[in-house]
């Protein structure tokens, strides 16, 4: 089976937010409210895999409004968040062996919940570790998680 994919994803985010620090005597934490807009475009692709496929380019726009609560401890910060995400448009079409395939419509609303922890060994440390888990309900369903290590010079 021969399958050669040349994919290109363009993503342009615009983010706006505000952080509200909670009183020090109550808890060492903050609430961050944010609004995000994403413009996504995936270039069309043609490939052979048991037949010839031509998938058209897909463009979508996503608007996300949410809040994240963060509690800071010595080296660890723990966070949890909830957001509503609405994909404004997103239709995928294409052909398989010259015949049109049923298109997919990705537009619609979803809830997104997240929990995670970030660890920084010291105030002047260039290393940060992040552990996260996100879950989706609505048009998007499922969960995703990750571990990342960031080194800043």
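The table that follows gives values for the structure above.
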| quantity | calculated |
| --- | --- |
| Mean separation of Cα contacts under 8 Å (6+ apart) over length of region 85-153, as relative contact order % | 25 percent |
| Debye equation applied to the C-alpha atoms of the chain, log10 I(q)/I(0) at 0.18 Å⁻¹ | -1.17 |
| Full-stretch length increase - residue 82, residue 69 - with 0.36 nm per residue and alpha-carbon distance subtracted | 3.8 nm |
| Sorted by Cβ density within 10 Å, fewest first, the residues 149, 58 | 149, 58 |
| Alpha-carbon centroid distance for the pair region 126-148 / region 70-87, whole angstrom | 11 Å |
| Relative exposure of 55, 20, judged by other C-beta atoms within 10 Å (fewest first) | 20, 55 |
| Fewest-first ranking of 82, 153, using other Cβ atoms within 10 Å as the exposure measure | 153, 82 |
| For the chain: relative contact order, % (alpha-carbon pairs under 8 angstrom, 6 or more apart) | 16 percent |
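Since every read-out is calculated from the coordinates, none of them should be taken as a lab result. Note that the structure is predicted; figures quoted are calculated from it, not measured. Because the Cβ atoms are built from the backbone with ideal geometry, glycine has one as well, and the counts that use them run over all protein chains shown.
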